[in-house]
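Have a look at the structure below before the remarks.
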Amino acid sequence: MDQQISLVTAFWIAVGAIVLSLIISSARLDRAVSKRMAEWEGRRLETERARLELTARREYELQLRHAQKDFELHAKQLAKDHEVLLRQWKSEYAGAIRQDAIARSKAVIAGRVAENIAPFLPSFPFNPKDARFLGNPIDFVIFDGLDRGELTEIVFLEMKTESSRLSARQKEIREAIEDARVSWQELRLTADTFDKALPEVLFEDI
């Protein structure tokens with residue numbers, strides 16, 4: 001009888017050892033699988049990060065090439081247009097003006113050329129595609145970030161040489177912006193508005 005009990009006890013001890021061994025093995029397997037999964041996820045994230053960096057770099061290089069090409073074409077066209085205007089101006093008024101007046105006109109034309117091509121210069125601090133040229137009373141309105149779909153701020157930009165100063169109107173505009181006296185308004189026009197208003201405006205002096 002005692003021998004049978006010992007055999008049963010030994011049997012259950014053996015079963016318990018086997019079960020414990022299986023539990024330990026399963027835990028080790030789970031840790032190994034978790035480690036491999038973590039390593040795989042790390043490699044996947046690293047690969048994805050590298051892919052995104054490569055895509056962003058290629059997109060930046062493409063935009064830079066386009067901006068440079070636009071700058072070259074724009075600068076050439078502006079130079080041609082202003083050269084024609086300068087020749088016409090000199091031919092019409094050369095007999096009635098002094099050389100210093102011609103020099104001043106060249107400076108004005110050069111300033112206008114600079115204003116137009118400024119967004120394409122390397123030192124321009126904004127994306128050229130976000131810049132809108134006004135000329136008067138402020139040179140540019142910058143919709144910073146609009147081209148990439150993330151508008152961060154709207155900037156009123158006036159270009160000046162080292163010796164030039166803001167005009168009285170420009171100072172008033174600057175003060176209005178700094179005092180937050182800026183608002184958004186919408187004007188909606190209907191077809192009926194045009195039918196009634198345009199004939200009166202176009203033919204009121206006829």
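Some values worked out for this structure:
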read-out: Highest to lowest packing among 179-190, 119-130, 21-32, scored as the average C-beta count within 10 Å; value: 119-130, 21-32, 179-190
read-out: Neighbour-count ranking [beta-carbon atoms within 10 angstrom, fewest first] of ASP147, ASP81; value: ASP81, ASP147
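We did not get these values from a lab; they are worked out from the coordinates using the rules stated. Just so it is clear, the model here is predicted, and its values are computed rather than measured. Ideal geometry is used to build each Cβ from the backbone, glycine not excepted, and the neighbour counts take in all protein chains shown.
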